[in-house]
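The values are calculated or read from the model by the stated rules, or taken from the named source; none is laboratory data. All figures in this text were calculated on a predicted structure; none of them were measured in a lab. Note: ideal-geometry Cβ built from the backbone for every residue, glycine included; neighbour counts use all protein chains shown. For the accessible areas, the whole protein counts, side chains as well, though only heavy atoms, and no ligand, DNA or RNA atoms are used. Shrake-Rupley method; radii C 1.70, N 1.55, O 1.52, S 1.80 Å.
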Amino acid sequence: MFRTLIVSLLGATALAPSARAVTLHPLPDGVEFRAGDLIERITALRDDVVRVRVGPQGALPEDASWAVLPASRTAHATVTPTATGFTTKDVVVRIDPADGRLTIEDRAGRTILADAPDRHLSYGGKTFEVRQVLPADEHILGLGDKTGPLDRRGQAFSMWNTDAFGWRESSDPLYKSIPFFVGVNDAGRAYGLLFDDTWRSWFDFGRTDPRVLTFGAEDGPLDYYVVAGPTPKDVVEAYAWLTGPSPMPPLWALGFQQSRYSYMNDAEVRAIAARLRAEKIPADAIYLDIDYQDRNRPFTVNTQAFPDLKGLAGDLKTEGLHLVLITDLHIADQAGQGYAPYDTGAAGDHFLKAPDGKPYVGVVWPGPSVFPDFTRTVTRAWWGGLYRDFVSDGVSGFWNDMNEPAVFDGPGHSMPLDIVDRIDEPGFAARTAAQAEIHNIYGMQNSRATFDGLLALAPDERPFVLTRASYAGGQRYAWTWTGDNDSTWNHLALSIPQLENLGMSGFAWSGADVGGYAGSPSPELLTRWVEVAAFTPMFRDHSGKGTARHEPWVDGPAQTAIRRRFIEARYRLMPYLYALADEASRTGLPVMRPLILEFPTAAAYLRQTGPEFMLGADLLVAPQPDFDTRDDYEAVLPGTGWYDYWTGLPVPALAQVGGGGDVVHETPTLDRLPVFVRPGSILPRQPLVQSTSERPDGPLELAVYPGPDCHGTLYADDGHSRGRERGQFLRQSVRCEVRGGRLTVTFEQRQGVYSAWWKTLAVTIHGWTRADAKVSLGGAPIPATFDPAGQVLSVALPDQAGPATLTIE
């Protein structure tokens with residue numbers, strides 16, 4: 001049982017000075033509560049972000065974090081002290097002087113967060129738990145790619161990175177530990193909470209007690225951050241301020257990626273590349289799994305199977321294809337055999353130690369293996385240097401797998417908890433730490449070492465790193481995916497809330513293995529998965545050893561044609577996707593979004609709808625609720641006035657639901673995925689290319705869908721360098737307005753100095769019904785074409801750097 005330190009004390013007599021002195025001290029940026037040996041410090045990092053730190057033994061824990069950026073963690077807002085706490089421009093913070101219960105409200109008096117009235121904070125040895133009120137109308141999102149419904153309410157989860165091959169809908173824990181969630185009530189008001197503790201921890205969102213939200217850990221610091229909102233977007237952007245946004249990726253990473261465990265030799269890879277081009281299936285990357293290596297040893301090449309890796313990488317690039325290699329973190333324990341990663345790692349003392357001081361050895365793919373100590377700055381630099389030859393050979397990206405870490409002969413399929421890590425990191429006290437503390441950040445520090453190493457080797461190139469395991473803040477270094485999923489309809493359905501919640505947890509770039517990694521999909525399953533994945537952030541077709549092939553051309557011409565069409569649709573949308581990448585890198589807003597992020601007041605009825613999701617702010621994808629059936633269904637579109645993406649026509653609504661939303665009837669067919677355009681969108685699209693390295697031939701299309709707050713963004717740069725940080729980019733806002741019978745499209749002044757690939761614009765106005773339109777640009781008449789059946793007015797323009805206005809009346 002927990003030894004309770006604070007237990008909803010009934011009055012001041014319970015805190016008599018002889019037993020436990022209680023004090024409340026104002027601070028320049030917050031307030032500090034003391035009850036005997038317990039210290040609770042609440043500070044404002046900025047007006048809308050509050051940090052809570054608790055020390056049970058007379059001192060606060062070390063002020064350090066692997067997740068939160070140093071500049072954010074040490075920020076200080078100006079506060080106004082009150083008798084029981086403080087206020088900022090956005091929040092009111094109160095501490096109950098009798099028992100230390102915390103309440104945070106907005107300035108209008110609405111509760112953002114409140115400790116539970118009974119046993120709100122308890123310790124049992126090193127284990128601790130926090131209990132907070134869970135309002136009846138609160139929905140919970142986040143915690144990364146945990147399985148189950150989008151809304152976490154009524155569920156409980158454990159944070160412990162786990163190699164979860166064969167996971168199911170009820171499986172927990174999985175590969176990542178991202179202890180951040182967003183609460184949204186039915187009125188659309190949101191807040192966020194990041195619990196920054198790397199030890200094994202847990203969350204209970206009303207599963208044990210429907211009225212109580214609980215989180216705690218086995219050990220470590222009680223240190224958490226509360227983001228006041230008030231909108232879900234405000235919360236996600238503030239979380240990015242705390243932990244960092246995803247950096248701008250190379251453009252090619254947004255394209256279609258083909259992978260398998262494994263393409264076994266040079267000839268097979270070249271055949272895959274040739275087939276992609278022969279079938280005219282746009283693609284940008286081919287992956288090599290562990291069989292390209294010599295005896296599964298990382299940073300080696302089986303030269304019999306791949307006699308000229310540099311030549312292969314170069315030849316693929318001439319075809320617009322980038323080579324991505326897996327580099328697992330285990331290093332084969334092979335001394336005296338000329339295996340440089342082991343020899344240099346041993347010489348530099350870079351491997352984790354067992355409690356007896358000897359290097360820890362565990363069995364993974366190469367057999368007995370040792371493991372880098374990624375909590376050491378010097379070890380991460382050594383690891384990054386191991387990529388030198390691959391980078392020199394023209395390899396474009398790297399895939400860090402097995403980094404939970406997975407150990408075949410270890411307890412729980414991982415390392416013993418007493419393995420010794422040596423923390424040598426700016427911002428931390430130099431010390432040793434047990435793997436029990438480091439386990440959940442091990443994969444994140446692995447991807448960090450890879451990312452930083454690639455930057456050191458090619459300082460002006462954007463790294464591409466893919467990781468399976470991570471922690472809060474890991475989006476600064478890598479993309480991620482949902483691990484070893486199954487080739488089932490259920491896992492296709494599960495992938496949607498998984499990716500949505502990863503986006504709400506900071507990972508703008510994530511994906512699920514298309515077709516399912518384990519097993520062999522039916523032709524219909526693979527086709528439907530390609531369709532859905534074409535509208536998700538990462539688009540990678542991957543399959544396991546011993547399964548049927550997943551390449552798009554399997555299953556015959558009819559299936560191939562459908563899959564090709566959806567891959568082509570993604571490539572036509574590349575300007576829109578790339579603008580979303582730019583937005584994510586600046587704001588932290590995800591590429592794939594739950595509807596609640598864009599329509600927070602829709603929370604009350606979104607629980608009754610299907611697996612709809614947003615690609616950016618403008619596209620709503622509405623798959624069938626039950627993927628393995630062909631039953632008719634109704635999709636709910638928030639608000640009114642939506643357009644069908646495929647036809648461009650306004651969508652006729654059958655009815656409206658409470659709270660505002662159009663009901664649309666759909667009959668599933670294999671060759672159609674319902675996609676809708678939000679009224680008020682301006683979508684940039686390009687002519688079809690076979691890879692992102694190919695310059696589009698023709699105009700940039702601006703598809704205008706009139707509606708409220710009508711706007712869009714154009715973004716371009718060279719697609720690979722960091723020149724954008726020096727102003728070498730193009731960013732432009734385009735707006736439209738309908739007033740009376742006149743529609744105007746306004747091109748604002750461009751930012752940046754990059755020259756666009758397009759020289760002309762094709763502006764299409766959707767939902768237009770008048771044949772007698774008069775069109776002018778800056779007052780000068782220009783011709784237009786009207787399609788009455790498609791309700792489209794089309795105008796050709798020279799490129800507009802702005803400011804300029806197109807008028808249609």
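Some values worked out for this structure:
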item: Whole-angstrom gap from the range 780-809 to the range 170-216, using each part's C-alpha centre; result: 50 Å
item: Cα-centred dipole magnitude for the range 180-227, charges only on beta-carbon of K, R (+1) and D, E (-1), debye, nearest 20; result: 240 debye
item: ARG630 accessible area, assembled protein chains, probe 1.4 Å, Å²; result: 140 Å²
item: The range 19-103 - percent relative contact order, Cα under 8 Å, separation 6 or more; result: 26 percent
item: Under-5 Å amide H pairs with CYS736, H placed in peptide plane, nonlocal only; result: CYS710, HIS711, THR746
item: Computed label-point distance, nm, for sites HIS413 and ALA156 using a 7 Å Cα→Cβ extension; result: 2.3 nm
item: Per-residue [θ]222 nm for the chain (sum of -39500 (n - 2.57) over DSSP H runs n ≥ 4, rounded to 500); result: -5500 deg cm²/dmol
item: Efficiency of FRET between ARG388 and VAL663 - r from beta-carbon atoms, R0 56 angstrom, step 0.05; result: 0.45
item: Only Lys, Arg (+1) and Asp, Glu (-1) charged, at Cβ; the range 334-440 dipole about Cα centre in debye; result: 180 debye
item: Placed amide H near ALA703: partners under 5 Å, 5+ positions off or other chain; result: LEU683, ARG685, THR764
item: Antiparallel content of DSSP bridges confined to the chain, in %, to 5; result: 85 percent
item: Lysines with Cα under 26 Å of LYS353, excluding same-chain neighbours fewer than 8 positions away; result: LYS126, LYS176
item: Accessible surface of CYS710 - all protein chains present, 1.4 Å probe, nearest 10 Å²; result: 10 Å²
item: Heavy-atom SASA rank of ARG685, ARG564 (probe 1.4 Å, accessible area, largest first); result: ARG564, ARG685
item: Relative contact order of the range 628-755, defined on C-alpha pairs under 8 angstrom at six or more residues apart (%); result: 17 percent
item: Per residue accessible area of the chain, 1.4 Å probe, in Å²; result: 35 Å²
item: Selected from ALA780, TRP167, ASN446, residue furthest toward positive end of dipole (the chain; charges at beta carbon); result: ALA780
item: Prolate/oblate/rounded call for the range 150-225, Cα gyration tensor, a/c under 1.5 rounded; result: oblate
item: Cut-off under 5 Å, modelled amide H: who pairs with VAL792 long-range; result: TRP768, ASP787
item: Assigned charges on the beta-carbon of Lys, Arg, Asp, Glu; the chain dipole about Cα centre (debye); result: 1140 debye
item: Loop-resident sites, the range 633-705, for GluC sites (Glu not before Pro), counting at most 14 other Cβ within 10 Å (DSSP); result: GLU694
item: Integer Hz, Karplus 6.51/-1.76/1.60 couplings in order for the range 266-274, x for Gly and Pro; result: 4, 5, 5, 4, 5, 5, 4, 4, 5
item: Theoretical FRET efficiency, 1/(1+(r/R0)^6), r = Cβ-Cβ of ASP626 and ARG211, R0 25 Å, to 0.05; result: 0.15
item: Estimated distance in nm for a label pair at GLU634 and LYS310, the labels positioned 7 Å out from Cα along Cα-to-Cβ; result: 6.5 nm
item: Calculated diffusion of the chain, Stokes-Einstein form, Kirkwood radius summed over Cα pairs, 25 °C and 0.890 mPa s, µm²/s; result: 88 µm²/s
item: Among 434-441, 274-281, 315-322, the order from most to least packed when residues are scored by Cβ within 10 Å on average; result: 434-441, 315-322, 274-281
item: Pair MET264, HIS76: separation of 7 Å Cα→Cβ label points (nm); result: 6.5 nm
item: Contour minus Cα-Cα distance for GLU425 and ALA354 (0.36 nm per residue); result: 23.5 nm
item: Segment ARG742-ARG168, length gained on full extension (0.36 nm per residue, minus Cα span); result: 201.2 nm
item: Estimated vicinal HN-Hα couplings, Hz - the range 470-487 in sequence order (Karplus 6.51, -1.76, 1.60; Gly, Pro = x); result: 6, 9, 3, x, x, 5, 5, 10, 7, 7, 9, 9, 8, x, 7, 7, 9, 7
item: Paramagnetic label zone (point 7 Å from Cα along Cα-to-C-beta, VAL133; backbone N under 20 Å) in the range 210-238; result: 210-215, 225-231
item: Alpha-carbon centroid distance for the pair the range 287-329 / the range 665-734, whole angstrom; result: 33 Å
item: Residue-wise HN-Hα coupling along the range 80-97, computed from phi with Karplus coefficients 6.51, -1.76, 1.60 (Hz; x: Gly, Pro); result: 10, x, 10, 5, 10, x, 6, 10, 10, 4, 10, 9, 10, 10, 10, 10, 5, x
item: Reachable lysines from LYS317, criterion Cα separation under 19 angstrom, eight or more residues apart if same chain; result: LYS280
item: Mean separation of Cα contacts under 8 Å (6+ apart) over length of the range 407-531, as relative contact order %; result: 17 percent
item: FRET efficiency estimate (nearest 0.05) - Cβ-Cβ, THR318 to ALA796, R0 30 angstrom; result: 0.35
item: Chymotrypsin sites (Phe, Trp or Tyr not before Pro) within the range 393-437, DSSP loop, no more than 16 other Cβ atoms inside 10 Å; result: PHE408, PHE428
